[in-house]
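Working notes, beginning with the structure itself.
None of the figures in this text is laboratory data; all of them are computed from the coordinates on show. Only a predicted model underlies this, so the values are computations on that prediction, with no experimental measurement involved.
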């Protein structure tokens, strides 16, 4: 049962990461086009510039949960690396339960009105010629919270499994 839940959550975050990772190529291409248009042809596009911000936000907000899955977040592991599998699992369990999940809930709570207000009037760009999807960009915050929370649950379950297999 635990393996099924872990597999579903990890698979979701892996799939979403695989999809948004391609946006990094699109961001580079868009930035290249923006620079060429601006400096070679003296053509500027607010929408093109804002699209880079949208893609950047989407990549980072979706990839954060996958980064947790692959243990890619920064940590001070002076002691952590010396502890065995059981000690690391305990640190991961306690960190996820007492730090990660509460932070996710807090970010979700404080961002809800911010995102809801943006949706209430379908907030668009403040720049003339900009993209009219700021409300969609802000919606990445609760999406990030959900994905990170789910990955936190997966990490908790993995830690519980490691702790139980170490004790038997």
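So the values come out like this:
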read-out	value
Between segment 90-144 and segment 1-78, the Cα center-to-center distance that results, in Å	16 Å
Between 0 and 90°, nearest 10: helix 23-41 axis offset from the chain longest Cα axis	20 degrees
Relative contact order [Cα under 8 Å, 6+ residues apart], segment 1-82, whole percent	40 percent
Relative contact order, percent, the chain [alpha-carbon distance under 8 Å, six or more residues apart]	33 percent
Folded to 0 to 90 degrees: helix 140-167 orientation relative to the chain principal axis, Cα	20 degrees
Angle between the chain longest axis and helix 2-21 axis [Cα atoms, degrees, rounded to 10]	20 degrees
Volume in Å³ per residue [convex hull over Cα atoms, computed for the chain]	133 Å³
